[in-house]
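Each remark here refers to the structure printed beneath this line.
The values are calculated or read from the model by the stated rules, or taken from the named source; none is laboratory data. In this text, all values refer to a predicted model and were calculated from it rather than measured experimentally. Cβ atoms come from the backbone with ideal geometry, glycine included; neighbour counts cover every protein chain shown.
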Protein chains: 2
Amino acid sequence: MGSKEITGTHFDEASGVADILEKDRLESEKWTKKKHISEQPWTLQNWHQHINWLNVVLVVAIPMIGAWMARSTPLKWQTAAMSVFLYACAGWSITGGYHRLWSHKAYDAHWPLRVFFALFGAAAVEGSIKWWGHSHRIHHRYTDTNRDPYDARKGFWYSHMGWMLTKPNPKYKARADISDLIDDWIVRFQHRHYLAIMFFMSYIFPTLVCGYLFNDYKGGFVYAGILRACFIQQATFCVNSLAHWIGVQPFDDRRTPRDHVLTALVTMGEGYHNFHHEFPSDYRNAIKWYQYDPTKVLIYLCSCVGLAYNLKTFSQNAIEQGLVQQQQKKLDRMRAKLNWGAPLSALPIWDKSEFIEKCKTETGLVTINGIVHDVSGYISEHPGGEPLLLASVGKDATKAFNGGVYLHSNAAHNLLATMRVAVIRDSFAQKRAENELKKQN
Amino acid sequence: MGSKEITGTHFDEASGVADILEKDRLESEKWTKKKHISEQPWTLQNWHQHINWLNVVLVVAIPMIGAWMARSTPLKWQTAAMSVFLYACAGWSITGGYHRLWSHKAYDAHWPLRVFFALFGAAAVEGSIKWWGHSHRIHHRYTDTNRDPYDARKGFWYSHMGWMLTKPNPKYKARADISDLIDDWIVRFQHRHYLAIMFFMSYIFPTLVCGYLFNDYKGGFVYAGILRACFIQQATFCVNSLAHWIGVQPFDDRRTPRDHVLTALVTMGEGYHNFHHEFPSDYRNAIKWYQYDPTKVLIYLCSCVGLAYNLKTFSQNAIEQGLVQQQQKKLDRMRAKLNWGAPLSALPIWDKSEFIEKCKTETGLVTINGIVHDVSGYISEHPGGEPLLLASVGKDATKAFNGGVYLHSNAAHNLLATMRVAVIRDSFAQKRAENELKKQN
Ligand code: HEM
Ligand code: HEM
Ligand SMILES: [Fe+2]
Ligand SMILES: [Fe+2]
Ligand SMILES: [Fe+2]
Ligand SMILES: [Fe+2]
């Protein structure tokens, strides 16, 4: 990742709404006429045209060479420690810099921090800030659609690496506004000199540091350079795959993003992805104190020493609204699966005299709350005993049932509803039945 | 516990509803005229009249004597093991027999099991089945009222032991139907000879067993007799105190019963008390496989060997209905605490022309879904960038907001609601406003 080709996407510098839609339309039209390689089946003849070879080199080949070299390179503990340290620097630059600062403007940062993020972010070998931020904004704007670069509906492997190892369909090319990114001279500078900065920061700098400090040039190159970069890449890719794959959806389950502590552990805290897609400009990913989000902690600490400022959080009100709405959805689904008794509007309507008449031939009819119930099957089951229930049969037991003798539980009311037979004319229940009918129409 | 006085309560053998209510009324009337000792303040002169001395002896004095004797009685491991065994027999007889079989008819049992429960239940020194079952049914019928014998609203101590160590107010004497108990000859026999059975089973039998088997008469009396009985008593009392005090309320929170694993551990599985008060005739207290309910397991095993049969469970439907309703209550409470934006019916109604007019002087007005919003404070905050939002100001952005440009999340809709300014005349929003008003009236 990091080629001119893929970082050279065109975008709108100051886009009007109509403008954007028009450009999207034209682009897609152009490509409905031609047939792009990505729309052709893989064959023995054309398979190499499907592949994005530069990315294969950066993400697959170089790491494999690194692994091969590691077999003949002893690992010094100092070099191991430096690898971990450089891993953390690059990781934080991606999550705290590329992602939360530049892609989402979740806070502002002074130039020393931005320079740090730009340099060590390049060491992650994931493209320039400008390209990364643009793709990422498109991912948020078009999540789970054909325009989503890492469309998780296409499976774990596609969203993890498949999308970058093959050529995308230009019909689904998309845009996002990144005028704010271009306004930042550090972003512009990093983008212009990206290949040089990337090679220096990811391979040469670790080699020199480990060579100079521990006299371990080869170990520095292999472990602190190549393999460290590979680990960072795989960890970051997990945000596109794992975070759209495993975990819970406390805020919205209409799309794929999910919250999982495992993803958080792998990605320096980017694992609460359901929250993140819902509240992308919040500088936090984890909102509970016990959830793992070291990137949030770093940003907070930077704000304490004045390097970061203007940290944005979504209002607690909006966050809790999301939780309530999603829980309501789940509850409604559970409710729909249960038997709540016949709807009142589906029952016949009886006069009181009709009820008295019926009781002469049928045993077990009792009126409660204006509704006639057939309790004959329940008499021996009644937790309050047979005698009380038997004494109420053939009568209006509304009072007795509602506290006169015993104030029944919800459970009792629910059971009662499953025994409905008819509605008494001119009762409150009849009004409820009428209201039910009105709502249906 | 176990005196004639407290087991001699009168009750209705085959009670009609009107009958019951009338008797309750008469009793309470009688005692509103006189002033019972329980209604007088405790003084140096009358304190001894407040006390139920027999219970003090059985529940406090004898255990204290037992503890005193234990100081000079070495504990043999065989006697300790026998104490635990007899503890389990008595405990199971109370929970599986007194409680679930007789008080709640949660299943039926053949006579050998009933005889076992009647004998070892007496060894718990908690009164006869007839008295216990009657009090317990009253507790369920009048939970958290003055008529509840162990009224948990009066505090932990009162519901644990206080109620039995003092004299109750006869004004609040209550009844429950126990005709089914009286129909059982084992219940009748145990009640008639209760004092003898109780003394034999709780003190003499353990003494003889430990004496005969391990030549440890004194240890048997102290440990397997007195102290074991004291432990059983305290454990059972926890169902009235602890189970109404600590834990969660997944089924109904209008009354005090609660579910807690700690209570379950102490009481051989009677700790899921919120469930139990809601579904009293279910032979289970714990419905999840990982919850601790050895009494349920015992009943189930007895049914496998044919000693128990007709095990009752509430329908899964009714149980899930209870869960859904309680969760809905909690959710509604959360919802009520949040800001959902001004109600549409409280907003002024604008013509479209009025909106266009206003936009000439005010910046930041935008119409979405027939509602005018003031987004001026949000432009720099917008996660989708300033340009897009700025391009929509002064216009109807319904389409753009709802997927034309970006299909906004719930969170975005919620935020939008907090920016409401007016409703557009003849829009769908105006109809919603009218419906709101109708519901209020
Ligand atoms: C078919 C109608 C009825 C149903 C489905 C029903 C259901 C129940 C249920 C499920 C309970 C267990 C406790 C609770 O959930 O609140 C209960 C207890 C009770 N019921 Fe009913 N009941 C019915 C009618 C009546 C009537 C008409 C009376 C009185 C005349 C009555 C008197 C009692 C009493 C006193 C209890 C308390 C028993 C205890 O908890 O120990 N029930 N009933
Ligand atoms: C005051 C009205 C608006 C509010 C409160 C609002 C709120 C939001 C919020 C909270 C997000 C974050 C993602 C999400 O929650 O779905 C978002 C994203 C977005 N909004 Fe808006 N929005 C408004 C108006 C608009 C308008 C009128 C447009 C287009 C003309 C627009 C375009 C976008 C786009 C493209 C994104 C995606 C950005 C991303 O997730 O990277 N918004 N908006
Ligand atoms: Fe995502
Ligand atoms: Fe993001
Ligand atoms: Fe209780
Ligand atoms: Fe009970």
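When segment A:243-269 is limited to residues that are more than 14 Å from chain B (Cβ to nearest Cβ) and touching a residue at least 40 places away in the same chain (Cβ under 8 Å), the one that is surrounded by the fewest Cβ atoms within 10 Å (Cβ to Cβ) turns out to be A:245.
Which residue out of A:263, A:267 is within 16 Å of ligand 4 (Cβ to nearest atom), under 21 Å from residue A:119 (Cβ atoms) and either in contact with a Cys (Cβ under 7 Å, 6 or more places away or on another chain) or not assigned by TED's automatic domain parsing to the domain that holds residue A:63 (or both)? Selected residue: A:267, the only one of A:263, A:267 that is within 16 Å of ligand 4 (Cβ to nearest atom), under 21 Å from residue A:119 (Cβ atoms) and either in contact with a Cys (Cβ under 7 Å, 6 or more places away or on another chain) or not assigned by TED's automatic domain parsing to the domain that holds residue A:63 (or both). The lone criterion from (1) crowded, with 17+ Cβ neighbours inside 10 Å; (2) modelled with pLDDT of 95 or more left unmet by residue B:204 is number (1). Take the conditions (1) exposed (fewer than 15 other Cβ atoms within 10 Å of the Cβ); (2) at the interface with chain B (Cβ under 10 Å from one of its Cβ atoms); (3) modelled with pLDDT under 90; residue A:399 misses just one of them, which is (3).
Of all residues being small (Gly, Ala, Ser) and not in a helix (DSSP H, G or I) in segment A:339-360, which is farthest from the other protein chains (Cβ to nearest Cβ)? Just the residue, please. Break it down into steps so the answer makes sense when it comes.
If we filter segment A:339-360 for residues that are small (Gly, Ala, Ser), which is where we start, we get A:341-342, A:345-346, A:353.
Checking the rest, the ones that are also not in a helix (DSSP H, G or I) come to A:341-342.
Details: A:341: 10, A:342: 14 Å.
Applying the filter and picking the extreme gives A:342.
Evaluate the following for residue B:165: is it more than 12 Å from residue B:240 (Cβ to Cβ), surrounded by fewer than 24 Cβ atoms within 10 Å (Cβ to Cβ) and under 27 Å from the mean Cα position of the chain (by Cα)?
Numbers: more than 12 Å from residue B:240 (Cβ to Cβ): yes; surrounded by fewer than 24 Cβ atoms within 10 Å (Cβ to Cβ): yes; under 27 Å from the mean Cα position of the chain (by Cα): yes.
Criteria met by residue B:165.
None of B:155, B:91 is away from chain A (no Cβ under 14 Å) and surrounded by 23 or more Cβ atoms within 10 Å (Cβ to Cβ) except B:91. Taken as a whole, the structure places residue B:130 among residues that are more than 14 Å from chain A (Cβ to nearest Cβ) and either surrounded by fewer than 24 Cβ atoms within 10 Å (Cβ to Cβ) or within 16 Å of ligand 4 (Cβ to nearest atom) (or both).
Against the condition within 52 Å of the chain's Cα centre (by Cα) and away from every other protein chain (no Cβ under 12 Å), how does residue A:380 come out, does it pass? Full working, then the answer.
Numbers: within 52 Å of the chain's Cα centre (by Cα): yes; away from every other protein chain (no Cβ under 12 Å): no.
Considered against the rule, which asks whether it is within 52 Å of the chain's Cα centre (by Cα) and away from every other protein chain (no Cβ under 12 Å), residue A:380 comes out as no.
Checked against the criterion of being within 21 Å of residue B:385 (Cα to Cα), within 14 Å of chain B (Cβ to nearest Cβ), of a type outside the set (Val, Ile, Thr) and crowded, with 22+ Cβ neighbours inside 10 Å, segment A:20-29 contains not a single residue that satisfies it. Of all residues in segment A:299-338, those satisfying the criterion of being in contact with a strand residue (DSSP E or B) (Cβ under 9 Å, 6 or more places away or on another chain) and away from chain B (no Cβ under 13 Å) are A:299, A:300, A:301, A:302, A:303, A:307, A:308, A:309. Looking at segment B:181-196, can you tell me whether even one residue there is at pLDDT 95 or above and over 33 Å from the mean Cα position of the chain (by Cα)? Yes, segment B:181-196 contains at least one residue that is at pLDDT 95 or above and over 33 Å from the mean Cα position of the chain (by Cα).
Is it fair to say residue B:140 is away from ligand 2 (no atom under 16 Å from the Cβ), within 14 Å of chain A (Cβ to nearest Cβ) and assigned to a helix (DSSP H, G or I)? Judged against the criteria, residue B:140 is a match. A residue that is of a type in the set (Gly, Ala, Ser), assigned by TED's automatic domain parsing to the domain that holds residue A:114, surrounded by 16 or more Cβ atoms within 10 Å (Cβ to Cβ) and within 30 Å of residue A:75 (Cα to Cα) occurs somewhere in segment A:233-241. Before we move on, is residue B:102 within 14 Å of another protein chain (Cβ to nearest Cβ), hydrophobic (A, V, I, L, M, F, W, C), in contact (Cβ under 8 Å) with a residue 12 or more places away in the chain and more than 13 Å from ligand 5 (Cβ to nearest atom)? For residue B:102, the condition - within 14 Å of another protein chain (Cβ to nearest Cβ), hydrophobic (A, V, I, L, M, F, W, C), in contact (Cβ under 8 Å) with a residue 12 or more places away in the chain and more than 13 Å from ligand 5 (Cβ to nearest atom) - is met.
Quick grid of which residues meet (1) in contact (Cβ under 8 Å) with a residue 40 or more places away in the chain; (2) within 16 Å of ligand 5 (Cβ to nearest atom); (3) surrounded by 15 or more Cβ atoms within 10 Å (Cβ to Cβ):
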| site | (1), (2), (3) |
| --- | --- |
| B:390 | no, no, yes |
| B:394 | no, no, yes |
| B:407 | no, no, yes |
| B:410 | no, no, yes |
| B:420 | yes, no, yes |
| B:424 | yes, no, yes |
| B:434 | yes, no, no |
| B:441 | no, no, no |
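A residue that is of a type in the set (Lys, Arg), in a helix (DSSP H, G or I), in contact (Cβ under 8 Å) with a residue 40 or more places away in the chain and more than 16 Å from ligand 6 (Cβ to nearest atom) cannot be found anywhere in segment A:189-205. In segment B:345-366, the qualifying residues are those that are within 30 Å of residue A:103 (Cβ to Cβ) and modelled with pLDDT of 95 or more, and the one that is nearest to ligand 4 (Cβ to nearest atom) is B:366.
Condition (residue is in contact (Cβ under 8 Å) with a residue 60 or more places away in the chain, over 24 Å from residue B:89 (Cβ atoms) and either part of a loop (DSSP other than H, G, I, E, B) or within 30 Å of the chain's Cα centre (by Cα) (or both)) applied to segment B:206-221: is it met by at least one residue? Within segment B:206-221, not a single residue is in contact (Cβ under 8 Å) with a residue 60 or more places away in the chain, over 24 Å from residue B:89 (Cβ atoms) and either part of a loop (DSSP other than H, G, I, E, B) or within 30 Å of the chain's Cα centre (by Cα) (or both). Would you check if residue B:119 is out of contact with any Phe, Trp or Tyr (no Cβ under 9 Å at 6 or more places or on another chain), in the same structural domain as residue B:271 (by TED's automatic domain parsing) and more than 16 Å from residue B:236 (Cα to Cα)? So residue B:119 fails the test. The single condition among (1) on the phi < 0 side of the Ramachandran plot; (2) at pLDDT 95 or above; (3) in the same structural domain as residue A:252 (by TED's automatic domain parsing); (4) surrounded by fewer than 16 Cβ atoms within 10 Å (Cβ to Cβ) that residue A:289 does not satisfy is (2).
In segment B:260-294, what residues are within 16 Å of ligand 1 (Cβ to nearest atom), outside any loop (DSSP other than H, G, I, E, B) and not hydrophobic (A, V, I, L, M, F, W, C)? Talk me through it step by step, then tell me what you get.
Within segment B:260-294, the first condition is being within 16 Å of ligand 1 (Cβ to nearest atom), and the residues that meet it are B:270, B:272-285, B:287.
With outside any loop (DSSP other than H, G, I, E, B) added as a condition, the list becomes B:272-278.
Residues satisfying the conditions are B:272, B:273, B:274, B:276, B:277, B:278.
Can you say whether residue A:378 is free of Cβ contacts under 8 Å to residues at least 40 places away in the same chain and hydroxyl-bearing (Ser, Thr, Tyr), as far as the supplied structure shows? Step through it out loud before you land on a result.
On the way: free of Cβ contacts under 8 Å to residues at least 40 places away in the same chain: no; hydroxyl-bearing (Ser, Thr, Tyr): yes.
No; evaluated as a whole, the condition is false for this residue.
Only one of the numbered conditions (1) touching a Phe, Trp or Tyr at 6+ places or on another chain (Cβ under 9 Å); (2) within 16 Å of ligand 2 (Cβ to nearest atom); (3) not hydrophobic (A, V, I, L, M, F, W, C) is violated by residue A:369, and that is (2).
For every residue, the table says whether it meets (1) over 30 Å from residue A:41 (Cα atoms); (2) more than 14 Å from every other protein chain (Cβ to nearest Cβ).
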{"position": "A:160", "(1), (2)": "no, yes"}
{"position": "A:177", "(1), (2)": "yes, no"}
{"position": "A:182", "(1), (2)": "yes, no"}
{"position": "A:189", "(1), (2)": "yes, yes"}
{"position": "A:200", "(1), (2)": "yes, yes"}
{"position": "A:203", "(1), (2)": "yes, yes"}
{"position": "A:210", "(1), (2)": "yes, yes"}
{"position": "A:216", "(1), (2)": "yes, yes"}
{"position": "A:219", "(1), (2)": "yes, yes"}
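Scanning segment B:295-312 for residues that are assigned to a loop (DSSP other than H, G, I, E, B) and of a type outside the set (D, E, K, R) returns B:305, B:306, B:307, B:310, B:311.
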